[in-house]
Each structure stands twice: as structure tokens, then as C-alpha cells.
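The values are calculated or read from the model by the stated rules, or taken from the named source; none is laboratory data. The structure displayed is predicted, hence computed values, not measured ones. Virtual Cβ from ideal backbone geometry, glycine too; neighbours counted across all protein chains shown. Accessible surface is based on the protein model in full, side chains and every heavy atom, while ligands, DNA and RNA are left aside. Shrake-Rupley method; radii C 1.70, N 1.55, O 1.52, S 1.80 Å.
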Amino acid sequence: MVWYYEKKLQYPVKVSTCNPMLAKYLIEQYGGADGELAAALRYMNQRYTLPDKVVGLLTDIATEELSHLEMIATMIYKLTKDATPEQLKAAGLADHYVNHDKALFYQNASGVPFTASYIQAKGDPIADLYEDIAAEEKARATYQWIIDLSDDPDLNDSLKFLREREIVHSLRFREAVEILKEERNTKKFF
Amino acid sequence: MFTQYKYWYPYVSPHDPCPPIKIKSYSTPPQLYIAFQPIGLPQFPTAKEALMHGTLWPQLYSPYPNPQKRNEKS
């Protein structure tokens, strides 16, 4: 697999209000258990041992998750790059500043660093795809709660786009399960 | 057709410390009801509309927050 990098975001990211506290919440989708990094790594790794009918789907979705990761990174960067230490402190980011200055870091909203135990590869295709469906629903819910906390209309526009992508990905994983069940077009009565 | 939000009514105690939220809701987006996307589903008329909605197909679109939000989350 070779990736070609296109230097633009999948969907525009605009942040209209100076509210570094939103960066603290957005980090959940950066390095949290149901965040975009976890999603990308989970699918990129699981795809090796899945039946070849659905490998391409996991490659595509994993790649899209990386583009979402870049959107989240852009949001966090825009919200923090011009903040003073005082402003970061007021936003609850003093501990982040002590450890990382304004650098981004793979951690969740509570500052817990990313860990591989957030993701799983069981080797059983149904178990792995069901985990992927659950991961998409959890990421969708996380976007909902961030939108609820955010009052920035432009940021929320991008977050609503990302939430919708979780829905589409969930449907695609559900379709992958149906493909592997192989009983889709047979008229069966149980 | 299905509805994109479901409602429920949690128990309210006369001794609750905070003003009760009488109706609670949760999101039930289209992927729960489609299972396998049929071929030839109608698409948004323009690429821009599709981008803005985050999907090519209106039937996969899920609004958030709930446009018909009732008196929940106070």
C-alpha cells in the first residue's frame, strides 16, 4: 500500500471564536480511546487478517480517519497557537502547557496518553467488524457531546461533518458483516 | 420511514436535587435501519451539497443537534 498525500483538508476547518477550552475537549478525538488516531490504527492493523472481500474497505476508512485526524489537529492548533499561558491556564490547559508547551499530543481530554490497548485485533472477522461498528458509534456520540459543549458555529459545522462520516462508516462496516455472512441474496426462512 | 431521534421519560422523584429533565432523547441515525445500502440510491444534486452534508446520499444524512428538540437538557 502506498499513500499519496494531498496537502488539503477533507472538509474546511474554520474556528471563529477564541476559546482555547474547546481545544481541551477536541483532544479527546485526537488521542482518546474512540478518537481518530485509534480508529485509523485499528482498521489499518485489522485489515491484514480479514477476508480479502473487506480489506479494501478497511484501507479506505483507515485512510479517511487519518484525514479526520488532520482536521482535528488543525482545530486544536488554531485554538491554542495564539493563546497566552494565562489563557491556557484559564482554559484548563496549564498542565498541558507545562508538559508540551503548545505542541499537540496524543492524549485524551483528561490528559491520559494514547495507548494501544484502546484498539483490538481479535482475528475473528465478525468480532473485529463488530468492534469497528461500536467504535464508529462511540466516535459519533463523542462528536455529539463536543458539539453540545461548543458554541462556535463554524467549528460545529466541521464537527457535524465528522459526525456524519462516522454514520457512513458504521453503515459500511455493517455492510461488511452482511457480505461475510454470505446469506444476503438467498431467500431463507428461519 | 424511521425517526432520527427517540424519546423516553425518566422517573422523576419529588426529592430530586436539581430541576428534572422530563423528556430525554437519543439519536437513532439512518445506518441502524439501512443494514445494506441499495444500489441506485438518489444523490444530492450537487457535489457541494454532498460535501456540506458529509454524505452523497440524502437518506444517509443525520441532523445534529435534534432539529425538533423538545424541553430536554433544560
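Which of the three applies to segment A:1-63, rounded, prolate or oblate, going by the alpha-carbon gyration tensor with a ≥ b ≥ c and a/c under 1.5 meaning rounded? Mind dumping the intermediate values first?
Details: a/c = 3.78, a/b = 1.88, b/c = 2.02.
In terms of gyration-tensor shape, oblate.
222 nm [θ] for chain A, helices only, -39500 (n - 2.57) per DSSP H run of 4+, per residue, to 500?
Working: 7 runs with 118 residues, N = 190.
About -21000 deg cm²/dmol.
With the contact rule set at Cα under 8 Å and sequence spacing of 6 or more, what percent relative contact order holds for chain A?
Numbers: 231 pairs, mean separation 56.7, N = 190.
In percent, rounded to a whole number, it is 30.
Rolling a 1.4 Å sphere over the protein heavy atoms, what is the accessible area per residue of chain A, to the nearest Å²?
Values: 9690 Å² over 190 residues.
Accessible surface, normalised per residue, equals 51 Å².
Return the sequence-ordered ³J(HN,Hα) values of segment A:125-141 in whole Hz as given by the Karplus equation 6.51 cos²θ - 1.76 cosθ + 1.60 applied to θ = phi - 60°, using x for Gly and Pro.
Once rounded to whole Hz, the list reads x, 5, 4, 5, 5, 5, 4, 5, 4, 4, 4, 5, 5, 5, 5, 4, 4.
In whole percent, and with a 1.4 Å probe on the protein chains, what portion of the accessible area of the protein assembly as shown is carbon and sulfur?
Carbon-and-sulfur percentage of accessible area, whole number: 58.
Find the relative contact order for chain B and round it to a whole percent, using C-alpha pairs within less than 8 Å whose residues are 6+ positions apart.
Working: 71 pairs, mean separation 25.3, N = 74.
Rounded, it is 34 percent for chain B.
Give me the 1.4 Å probe accessible area per residue for segment B:15-74, excluding ligands and nucleic acids, in Å².
Working: 3960 Å² over 60 residues.
Here the per-residue accessible area is 66 Å².
Using square roots of five times the C-alpha gyration tensor eigenvalues, list the equivalent-ellipsoid semi-axes of segment A:58-165 in whole Å, biggest first. The partial results should precede the final answer.
Working: eigenvalues 164, 61, 30 Å².
In descending order the semi-axes read 29, 18, 12 Å.
For chain B, which span is the longest to avoid every loop-located (per DSSP) member of chymotrypsin sites (Phe, Trp or Tyr not before Pro) having at most 14 other Cβ atoms inside 10 Å?
With a cap of 14 other Cβ atoms within 10 Å, the longest stretch comes to B:37-74.
First measure r as the distance between the Cβ atoms of A:Lys89 and A:Thr63, then evaluate 1/(1 + (r/R0)^6) with R0 = 30 Å and state the FRET efficiency to the nearest 0.05. Kindly include the intermediate steps, with their values, before the conclusion.
Details: r = 37 Å, r/R0 = 1.25.
With R0 = 30 Å, the Cβ-Cβ based efficiency is 0.20.
Where is the GNM fluctuation largest for chain A (alpha-carbon springs, 10 angstrom cutoff): A:Asn156, A:Asn45, A:Asn99?
A:Asn99
Between chains A and B, what is the buried accessible area in Å², counting both sides, with a 1.4 Å probe and ligands, DNA and RNA left out, to the nearest 100?
Working: alone 10610 and 6110 Å², together 14850 Å².
Adding both sides of the contact gives about 1900 Å².
Determine the calculated [θ] at 222 nm for chain B from helices alone, applying -39500 (n - 2.57) to every DSSP H run no shorter than 4 residues and normalising by the residue count; nearest 500 deg cm²/dmol. Walk me through the numbers on the way to the answer.
Numbers: 2 runs with 11 residues, N = 74.
After summing the helix terms and dividing by residue count, I get -3000 deg cm²/dmol.
Considering only DSSP states other than H, G, I, E and B, which chymotrypsin sites (Phe, Trp or Tyr not before Pro) in segment A:2-107 qualify as loop sites with at most 16 other Cβ atoms within 10 Å?
Working: sites: A:Trp3, A:Tyr4, A:Tyr5, A:Tyr25, A:Tyr30, A:Tyr43, A:Tyr48, A:Tyr77, A:Tyr97, A:Phe105, A:Tyr106; in loops: A:Trp3, A:Tyr4, A:Tyr5, A:Phe105, A:Tyr106.
Loop-located and lightly packed - A:Trp3, A:Tyr4, A:Tyr5, A:Phe105, A:Tyr106.
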